[in-house]
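What follows is one structure encoded as structure tokens, with my remarks underneath.
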Protein chains: 2
Amino acid sequence: MIRLIGFDLDDTLFDATELATQARIGGLKKIQECGLNYSLQEGINGLFEIVKEFGSNYTKHYDTLLKRMKNDPIKYEITMPDFKIPKYIAAGIMGYHDVKVKKIKPFKDVMDCLVDLQKIGYQIILISDGRAIKQYEKLHRLNILHFFTEIFISEEVGLKKPDPEFFNYCLREMDVLPSETVYIGDRMDRDIEPANSIGINTVLIHRKGKYDPIINGKKYRYQADREISSLEELMPFVKSIS
Amino acid sequence: MIRLIGFDLDDTLFDATELATQARIGGLKKIQECGLNYSLQEGINGLFEIVKEFGSNYTKHYDTLLKRMKNDPIKYEITMPDFKIPKYIAAGIMGYHDVKVKKIKPFKDVMDCLVDLQKIGYQIILISDGRAIKQYEKLHRLNILHFFTEIFISEEVGLKKPDPEFFNYCLREMDVLPSETVYIGDRMDRDIEPANSIGINTVLIHRKGKYDPIINGKKYRYQADREISSLEELMPFVKSIS
């Protein structure tokens, strides 16, 4: 008997990767709009290098990029190398933020799925890695916060994926057994493997991002109990094992 | 001969005090919308106490308020004291930010004044205290950045009001004499006194905020060369001394 449905957040319920890309480019374009002439392509390359180098939660992406631009105006095709950095950091952050706020939306199969699960009376929880305030902001802006009985964010819990203990902790808090739980995520390594390992029923959703085994072509030693390409396929699966 | 017009930013070119108040209340209301029931009036009192205690550039206003709420649910009339703090910090920050972005606008006498000054060929600069990125973001969102030949923010310069050296530095950078300069601000202590002291022509604008001598009733040992209640009165003054 299934009682609990757990979801991953980023790239499972909304297109986090694409949104971050769009927002970063939005920031770069805003810097141009505000008067700094440079090669957008070099700017994109430079920014994505920095994201790779310092991680996506680093708070000084644009600071670092603009310093590098100032140090190497030729590479970035900057005609006026004597520019003021904070002016353009502000433009970058503003452009980034405005795109993020404006464009964040759930994948189109999400709302119906959450409504249907709730109608039947399943408890719905979220199990997500990340910084608590950032994850909650996403949930607020996606307007899906009210669907969840409980929200577990790694920063708050003090455990993170792929540690199976993170999943164990959530289930203990909910007083539900792994066999009574279905967990849906987009990543084999961080969602499916740890949830599998403690006996949760796992569903891999193909979102065609870089972690999708169809896209990255990786082979894994384990598999999800079910693979789906839309959340429309979730309810039939849940019913089939209930 | 007047060549340079300098402006203060906060509460001179836009209503910074009122905007901050509205944004803070916007954050408090968003926290309620997201499910935390508490007395809005107590929330407002609590938040404004924290702003007074830690300053307006402190980054943990809502964190601190929510911790205090949790510690004293009776005072804040909270019915469910076992709430998750990060969820509501996110709501508060989001509500605050959304109001700030949506409602920031120049005082209604600003655009005409800047356009007219620019047409005549005066150089226009900004001399403002604050954190560089925050001040630039305001200028971007107010859509007035392009009017200024130069922008001097205390954090970038390493000097701040009421140090007259901050004003001296800006004038040296612009290669303009104090007697060729008019500076407009809303505060006697931070704008008028230091600018006066080095011989700049000073204009006090009455914006009816808490620093307005008409409102706070304070007596000062010095006075501005001109007091105005709208920027419409600026150009006639500048012409009269040119």
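The values are calculated or read from the model by the stated rules, or taken from the named source; none is laboratory data. Quick caveat, the model's predicted, so the values are computed rather than measured. Heads up, the Cβs are rebuilt from the backbone with ideal geometry, glycines too, and the neighbour counts pull from every protein chain shown.
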Just give me the residues in the stretch A:144-166 being more than 13 Å from chain B (Cβ to nearest Cβ), touching a Phe, Trp or Tyr at 6+ places or on another chain (Cβ under 7 Å) and touching a residue at least 24 places away in the same chain (Cβ under 8 Å), in sequence order.
-> A:Lys160
Filter the stretch B:84-124 for residues that are away from chain A (no Cβ under 13 Å), buried (at least 16 other Cβ atoms within 10 Å of the Cβ) and not in a helix (DSSP H, G or I); the one that is farthest from the chain's Cα centre (by Cα) is B:Tyr122
Can you find even one residue in the stretch B:169-187 that is closer than 25 Å to B:Asn57 by Cα, in a loop (DSSP other than H, G, I, E, B) and among the hydrophobic types (A, V, I, L, M, F, W, C)?
-> no
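Within the stretch B:144-165, how many residues turn out to be farther than 27 Å from B:Asp116 by Cβ, part of a helix (DSSP H, G or I) and among the hydrophobic types (A, V, I, L, M, F, W, C)?
Going through the stretch B:144-165, the residues farther than 27 Å from B:Asp116 by Cβ turn out to be B:154-160, B:162-165.
If we keep only those that are part of a helix (DSSP H, G or I) as well, we get B:154-157, B:164-165.
If we keep only those that are among the hydrophobic types (A, V, I, L, M, F, W, C) as well, we get B:157.
Summing the residues that are farther than 27 Å from B:Asp116 by Cβ, part of a helix (DSSP H, G or I) and among the hydrophobic types (A, V, I, L, M, F, W, C) in the stretch B:144-165 gives 1.
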With the checklist (1) more than 16 Å from B:Leu65 (Cβ to Cβ); (2) of a type in the set (Lys, Arg); (3) free of Cβ contacts under 8 Å to residues at least 40 places away in the same chain in hand, flag the one item B:Lys100 doesn't pass.
-> (3)
Only one residue in B:Lys70, B:Lys30 is in a helix (DSSP H, G or I), of a type in the set (Lys, Arg) and free of Cβ contacts under 8 Å to residues at least 60 places away in the same chain. Which one?
-> B:Lys70
Taking the stretch A:27-76 as the search range and keeping residues that are within 28 Å of A:Lys134 (Cα to Cα) and either touching a His at 6+ places or on another chain (Cβ under 9 Å) or outside the structural domain of A:Gly92 (by TED's automatic domain parsing) (or both), which one is surrounded by the most Cβ atoms within 10 Å (Cβ to Cβ)?
-> A:Gly27
Would you call A:Glu233 in the same structural domain as A:Asp109 (by TED's automatic domain parsing), in a strand (DSSP E or B), without any contact (Cβ under 8 Å) to a residue 40 or more places away in the chain and surrounded by fewer than 19 Cβ atoms within 10 Å (Cβ to Cβ)?
-> no
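Can you go through A:Arg131, A:Arg207, A:Arg141, A:Arg187 and tell me which one is basic (Lys, Arg), within 14 Å of chain B (Cβ to nearest Cβ) and crowded, with 18+ Cβ neighbours inside 10 Å? Don't jump to the end; show me each part of the working.
Details: A:Arg131 fails: crowded, with 18+ Cβ neighbours inside 10 Å; A:Arg207 fails: within 14 Å of chain B (Cβ to nearest Cβ); A:Arg187 fails: within 14 Å of chain B (Cβ to nearest Cβ).
Going through A:Arg131, A:Arg207, A:Arg141, A:Arg187 in turn, just one is basic (Lys, Arg), within 14 Å of chain B (Cβ to nearest Cβ) and crowded, with 18+ Cβ neighbours inside 10 Å: A:Arg141.
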